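I have placed the structure first, in the form of structure tokens, so that the comments after it can refer back to it.
The values are calculated or read from the model by the stated rules, or taken from the named source; none is laboratory data. Here the structure is a predicted model, which is why all the values come from computation and not from measurement. Cβ coordinates were reconstructed from backbone atoms using ideal geometry, including for glycine residues, and neighbour counts include every protein chain displayed.
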Amino acid sequence: MLKIATIAALATALTVSAAPADAQTGGWTGAWATAAQQPSPDVWYPTWAEKGFSDHSVRQVVRVTADGSALRIRLSNAYGSTPLRLTGASVGKAGGGAAVLPGTLRQLTFARSASASIPAGGRTASDPVRLRVKAGERLTVTLYFHGDTGPSTYHNLAVATSYRATGDHTRDTGQAAFAETNTSWFYLSGVDVLAGGKAVAAFGDSITDGLGATQDADDRYPDALARRLGGRRPVLNLGIGGNRLLNDSACLGERGVTRFRRDVLDQPHVKTVIVLEGINDILLGLQQPTPCTIPAVKVSAGDLIAGYRKLIRAAHERGVRIIGGTLLPIKGAQYDSEEAERIRDETNAWIRSSGEFDAVVDFERAVADPGDPDRIRPAFDSGDHLHPNAAGYQAMADAVDLTAL
């Protein structure tokens, strides 16, 4: 569980002004979140995760999907082998690039201290800070590490730019010092707000994570869904590129049936989850393994169905509504085959007809080429015949029946 600050700390944020009294009620809702991954050799592109940080400020830009009168951040050291020592942190409204809008910067505290120590495998949340935000606004979170962090818990596929500077720049609203850039998130796992609505979690692999979306444009399918909801309900993206439902990976995250509780059900005020996962189980199980895809286990539709049933049971035990998403077309993609198509078709038939999910969103039909339903429509194809582009992600979000949420 999250390390919760004391009542006294909740009542007083050591910043420009005190947090509102209702911070003591525990009425937090996730407004942004991402799934933690273990540091590993570069997956999609070079990251800072394996080496970690030393006398570095790391500034990360995220877009919240809910309104709130106050906020807190959450940090994860889930894959750290030693305690993580955070020297300082701040949050503010994002300007251009790494800049922070004047007058919005707030120093963050943790149990009323400017610094924090997060045990190996642990998580923590900051004290609340008064900063009124609106759905769709971007925030910058700056973390400063004076000492060596060692390899860093991170999220590989951010589809967003993060920034790094030498020294403590937590109070710096400018961007000149942040000369280094990366496209992952580090240690930051969530931003929560007070007064947000019931959250919707999007759970899955790179199609949920947003591979093929536009860098820094927030046009993944969960982003487009959040815009459709207009702030009435926040949407949290818990996808991991390359992730599988049934098997772990050294590079691509713990298997979905394991990480589901931590990444979805432990999010504050989540009431609905949309599941879109299984295509990597099919494709990676039918090819030669790589260091990132060991074990390469061949799966059947029955195996995937058994995995979905585990997620359904876990969600219902927590009173969370669970929606099944059909697997997208893959014709023409690398490693596609007749066998892969058969397993995908059998799996989708069960998702549509079994009645075991609380509802279904037919992502396959939303993006399929009308003239060749096993292929993504060219206008929606990012180019690899597997991942949609921004228009395809919009079509996926438009396919979600908002009343089913």
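Which ones in the range 39-48 are closer than 21 Å to G147 by Cβ and out of contact with any His (no Cβ under 9 Å at 6 or more places or on another chain)? Talk me through it step by step, then tell me what you get.
From the range 39-48, those closer than 21 Å to G147 by Cβ are 39, 47-48; that's our starting set.
Result: P39, T47.
When residues of the range 72-127 are filtered for being among the aliphatic types (A, V, I, L, M), surrounded by fewer than 18 Cβ atoms within 10 Å (Cβ to Cβ) and out of contact with any Asp or Glu (no Cβ under 9 Å at 6 or more places or on another chain), how many remain? So that I can check it myself, show each step before the final result.
Applying the first criterion (among the aliphatic types (A, V, I, L, M)) to the range 72-127 yields 73, 75, 78, 84, 86, 89, 91, 94, 98-101, 105, 108, 111, 114, 116, 118, 120, 125.
Now restrict to residues that are surrounded by fewer than 18 Cβ atoms within 10 Å (Cβ to Cβ): 101, 111, 114, 120.
Still in the running and out of contact with any Asp or Glu (no Cβ under 9 Å at 6 or more places or on another chain): 101, 114, 120.
Qualifying residue count for the region: 3.
Considering only the range 197-226, how many residues are assigned to a loop (DSSP other than H, G, I, E, B) and either surrounded by fewer than 24 Cβ atoms within 10 Å (Cβ to Cβ) or assigned by TED's automatic domain parsing to the domain that holds T34 (or both)? Spell out the reasoning first.
Taking the range 197-226 first, the residues assigned to a loop (DSSP other than H, G, I, E, B) are 197-198, 205, 210-220.
Right, trim to either surrounded by fewer than 24 Cβ atoms within 10 Å (Cβ to Cβ) or assigned by TED's automatic domain parsing to the domain that holds T34 (or both) and you get 197-198, 211-212, 214-219.
Qualifying residue count for the region: 10.
Of the residues that sit in the range 297-311 and are assigned to a loop (DSSP other than H, G, I, E, B) and surrounded by 14 or more Cβ atoms within 10 Å (Cβ to Cβ), which one is farthest from the chain's Cα centre (by Cα)?
Taking the range 297-311 and keeping what is assigned to a loop (DSSP other than H, G, I, E, B), we get 297-300.
Remaining after also requiring surrounded by 14 or more Cβ atoms within 10 Å (Cβ to Cβ): 297, 299-300.
On the way: V297: 26, V299: 26, S300: 27 Å.
Among residues in the range 297-311 that are assigned to a loop (DSSP other than H, G, I, E, B) and surrounded by 14 or more Cβ atoms within 10 Å (Cβ to Cβ), the one farthest from the chain's Cα centre (by Cα) is S300.
Of everything in the range 227-264 that's part of a strand (DSSP E or B) and touching an Asp or Glu at 6+ places or on another chain (Cβ under 8 Å), which residue is surrounded by the most Cβ atoms within 10 Å (Cβ to Cβ)?
In the first step, residues of the range 227-264 are kept if they are part of a strand (DSSP E or B); the result is 235-239.
Next cut, touching an Asp or Glu at 6+ places or on another chain (Cβ under 8 Å) only: 235, 237-239.
On the way: V235: 30, N237: 26, L238: 28, G239: 27.
Step by step, filter the range 227-264, then rank; the result is V235.
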